[in-house]
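Written below as structure tokens is the structure these notes are about.
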Amino acid sequence: MTMLTQRPAWRALEAHYQAIRGAHLRQLFADDPHRGERLVAEAAGLYFDYAKNRLTDETIGLLVALAEECGLRAKIDAMFRGERINTTEDRAVLHVALRAPRGAVIEVDGVNVVPEVHAVLDRMAAFAAQVRAGGWAGFTGKPIRNLVNIGIGGSDLGPVMAYEALKHYSDRHLTVRFVSNVDGSDFAEATRDLDPAETLFIVASKTFTTLETMTNARTARAWLLGALGDEAAVARHFVAVSTNAAEVAKFGIDTTNMFGFWDWVGGRYSMTSAIGLSTMVALGPERYRELLDGFHAMDEHFRTAPFASNLPALHGLLTIWYANFSGVETVAILPYDQYLKRFPAYLQQLTMESNGKSVTLAGTPVAYQTGPIYWGEPGTNGQHSFYQLIHQGTRLIVCDFIGFATTLNPLGNHHDLLMANMFAQAEALAFGKTAEEALAEGTPAWLAPHRTFAGNRPSNTILAARLTPATLGALTAFYEHSVFTQGVIWNINPFDQWGVELGKVLAGRIAPELAGEATPALAHDSSTNTLIRRYRALCGRT
Ligand code: G6Q
């Protein structure tokens, strides 16, 4: 297989980058008055403006050629066909099957998985409807009013992001909380004002062996039994979402109260599997289906649209352009919507756990940068915090602005002000302010360098009519498939996460060294040994 950096399109992009690297967005827009109308794409309710990027039509042509040389089309087809493209774990990658309509056919090893997917969705819907109607009684007969999702990573970030994003549509009679951290403060704060008799725990864990989740689940059981005093209460107050029925049963949860999924659903790609149970209970089955339909609309767009007008493919290719040809190291996710406050955190896992890899599928070291660093905060808050560095710092940061035309909470002119700020930030980043302009405004000469904005700072803008379940689905699938596109170009596996293993193993060794009464023999490095001894001393366990 040709190495990525030897491919003709890669070589051409290198030469092209040298040719246009001096171009300023001011010039690019001045030379082409219709750029802002042309460099856009639209699908599944999302309008994607990528005109404020440092590129020309030729750049897009070359990036599309690179996608073709790397076999992106065949890789997309392989994913949708259920091939085992997660080679290091020998698994198919079929989150797209989770949102397929009832009649669709998507096969794994010759078996159509869509009927199984819908069978679970139907069970989830019946459960959600029962809880929402007050028909799921706790052990004492009181109806369930509080739902606590216990999970971490992919079993937490998607559900909490979706719950926060779609809170407007949720049943406000239900209190929905999320516990993820093994730090006991997370559990304590999430439950401190809840009545155990009215609280239902969803233990969400693909493996049902994850340290944090099982620790929190055991604490939840003790908290419940401490109040209700009878083991039989567990069946009325715990349900499980997992692929591991044996461990669920061992924990004491009745497997009739278990919602399953499959090994072809990766953790960070699982929010549309049964892992979305808390989302479905909060929103109701109909709204939840709208969310899945939004995902599916983007899935179909990604599967079928030509790359030059394919939103996730274009976004993924732009990420390659910056990461590999312009030396960009970070991407800021800037949603101008308070409901999307957890979206950057969700995307951090999706992007960085997927593409934070340094060997190719063949196991050889990559000779190029892979996944950039993602971070972000909702606007306008971020403007009063870190935007200074984006505007005038020494690093080039790509920004994704995300906004909606109508607000879910009309209040005076708040929304126009919010969106005016979003559009203004993208404009300021791209076009800046020259020293001449600063001087012409009356800025003294000595101050002008401080009040000059170089501009030429790239951004994408994603605009949708309204934040709805369907829009959120389309937006999330947009990023999922952008990540996939990047992974294909880099020839890495975006679906494994071996890099999280080592720390877990070492924590398993250290935990007993912290807890024991007698001073243990320590065989770590001198820094770790000293930290452990200091910890024990501070705890009075010397
Ligand atoms: C995601 C990762 C990881 C996983 C958590 C929780 O892609 O695999 O974040 O989701 O470690 O795992 P369990 O669902 O098995 O508890």
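Hey, among Ala367, Ala362, Ala345, which residue is among the small types (Gly, Ala, Ser), under 19 Å from Ser326 (Cα atoms) and at pLDDT 95 or above?
Ala367
Among the listed residues Thr209, Thr219, Thr255, Thr213, identify the single one that is surrounded by fewer than 20 Cβ atoms within 10 Å (Cβ to Cβ), near the ligand (Cβ under 10 Å from one of its atoms) and polar (S, T, N, Q).
From the options Thr209, Thr219, Thr255, Thr213, the qualifying one is Thr209.
Going residue by residue through region 85-102, is there one that turns out to be of a type in the set (D, E, K, R) and closer than 30 Å to Ala308 by Cβ?
Yes: region 85-102 contains one or more residues that are of a type in the set (D, E, K, R) and closer than 30 Å to Ala308 by Cβ.
Scanning region 324-367 for residues that are more than 16 Å from the ligand (Cβ to nearest atom) and part of a helix (DSSP H, G or I), which turns out nearest to Asp416 (Cα to Cα)? Step through it out loud before you land on a result.
Kept after step one, since they are more than 16 Å from the ligand (Cβ to nearest atom), are these residues of region 324-367: 324-341, 343-344, 358-367.
Checking the rest, the ones that are also part of a helix (DSSP H, G or I) come to 324-325, 338-340, 343-344.
On the way: Asn324: 37, Phe325: 37, Gln338: 14, Tyr339: 17, Leu340: 18, Phe343: 22, Pro344: 23 Å.
If we take residues in region 324-367 being more than 16 Å from the ligand (Cβ to nearest atom) and part of a helix (DSSP H, G or I), then Gln338 is nearest to Asp416 (Cα to Cα).
Could you check, for region 33-49, whether at least one of its residues is closer than 20 Å to Pro494 by Cβ and β-branched (Val, Ile, Thr)?
Within region 33-49 (the criterion being closer than 20 Å to Pro494 by Cβ and β-branched (Val, Ile, Thr)), the answer is no, since none of the residues qualifies.
Residues that are out of contact with any Cys (no Cβ under 8 Å at 6 or more places or on another chain) and of a type in the set (A, V, I, L, M, F, W, C), at least 1 per element: which helices (runs of 4 or more DSSP H) completely within region 1-45 meet that? Can you show your working first?
Numbers: elements: 8-20, 25-31, 35-38.
Hits in region 1-45: 8-20, 25-31.
Would you mind telling me which numbered condition in (1) touching a residue at least 12 places away in the same chain (Cβ under 8 Å); (2) touching a helix residue (DSSP H, G or I) at 6+ places or on another chain (Cβ under 9 Å) Leu225 fails?
(1)
Tell me which helices (runs of 4 or more DSSP H) are completely within region 410-518 and hold 2 or more residues being of a type in the set (Ser, Thr, Tyr) and at pLDDT 95 or above, or say none if there are none.
It comes to 469-490.
Does Pro344 qualify as being within 13 Å of the chain's Cα centre (by Cα) and either hydroxyl-bearing (Ser, Thr, Tyr) or within 26 Å of Ala477 (Cβ to Cβ) (or both)?
yes
Within region 280-298, is there a residue that is outside any loop (DSSP other than H, G, I, E, B), within 20 Å of the chain's Cα centre (by Cα), within 16 Å of the ligand (Cβ to nearest atom) and in contact (Cβ under 8 Å) with a residue 12 or more places away in the chain?
Scanning region 280-298 turns up no residue that is outside any loop (DSSP other than H, G, I, E, B), within 20 Å of the chain's Cα centre (by Cα), within 16 Å of the ligand (Cβ to nearest atom) and in contact (Cβ under 8 Å) with a residue 12 or more places away in the chain.
Looking at Gly503, Gly540, Gly516, Gly487 in this structure, which one is within 16 Å of the ligand (Cβ to nearest atom) and either of a type in the set (Lys, Arg) or farther than 30 Å from Ala43 by Cβ (or both)?
After applying the criteria, what remains is Gly503.
Need the failing condition index for Leu147 against (1) within 16 Å of the ligand (Cβ to nearest atom); (2) assigned to a strand (DSSP E or B), just the number.
(1)
Quick one: count up the residues across region 235-247 that are aliphatic (A, V, I, L, M), away from the ligand (no atom under 12 Å from the Cβ), surrounded by 14 or more Cβ atoms within 10 Å (Cβ to Cβ) and closer than 19 Å to Thr210 by Cβ.
Counting residues in region 235-247 that are aliphatic (A, V, I, L, M), away from the ligand (no atom under 12 Å from the Cβ), surrounded by 14 or more Cβ atoms within 10 Å (Cβ to Cβ) and closer than 19 Å to Thr210 by Cβ gives 2.
Considering each of Arg123, Arg54 in turn, give the residue that is of a type in the set (Lys, Arg), crowded, with 19+ Cβ neighbours inside 10 Å and over 24 Å from the mean Cα position of the chain (by Cα).
Within the list Arg123, Arg54, the selection yields Arg54.
Name the residue that is farthest from the ligand (Cβ to nearest atom), counting only residues in region 152-170 that are of a type in the set (D, E, K, R) and part of a helix (DSSP H, G or I).
That would be Lys167.
Pull up region 258-279, narrow it to residues that are closer than 12 Å to Ala162 by Cβ and part of a loop (DSSP other than H, G, I, E, B), then point me to the one that is farthest from the ligand (Cβ to nearest atom). Even if it seems obvious, please write down each step before you answer.
From region 258-279, those closer than 12 Å to Ala162 by Cβ are 270-272, 275-279; that's our starting set.
After this cut, where a residue has to be part of a loop (DSSP other than H, G, I, E, B) as well, the list is 270-272.
Working: Ser270: 7, Met271: 10, Thr272: 14 Å.
Among residues in region 258-279 that are closer than 12 Å to Ala162 by Cβ and part of a loop (DSSP other than H, G, I, E, B), the one farthest from the ligand (Cβ to nearest atom) is Thr272.
Are any residues in region 192-216 over 21 Å from Met271 (Cβ atoms), of a type outside the set (Asp, Glu) and either in contact with a helix residue (DSSP H, G or I) (Cβ under 6 Å, 6 or more places away or on another chain) or not in a helix (DSSP H, G or I) (or both), and if so, which ones?
Result: Arg192, Leu194, Pro196, Thr199.
All but one of (1) loosely packed, with under 13 Cβ neighbours inside 10 Å; (2) acidic (Asp, Glu); (3) under 20 Å from the mean Cα position of the chain (by Cα) hold for Glu480, so report the exception by its number.
(1)
Taking the condition of being in contact with a Ser or Thr (Cβ under 7 Å, 6 or more places away or on another chain) and either assigned to a helix (DSSP H, G or I) or among the aromatic types (Phe, Trp, Tyr) (or both), how many residues in region 46-61 meet it?
0
Just wondering, is there one or more residues in region 384-402 that are of a type in the set (Phe, Trp, Tyr), crowded, with 22+ Cβ neighbours inside 10 Å and within 16 Å of the ligand (Cβ to nearest atom)?
No, the conditions are met nowhere in region 384-402.
Which ones in region 370-381 are within 26 Å of His415 (Cβ to Cβ) and either part of a strand (DSSP E or B) or modelled with pLDDT under 95 (or both)?
Trp375, Gly376
The values are calculated or read from the model by the stated rules, or taken from the named source; none is laboratory data. For clarity, every value in this text was computed on a predicted model and none was experimentally measured. Quick reminder, even Gly has a Cβ in these numbers, built from the backbone with ideal geometry, and neighbours come from all protein chains shown.
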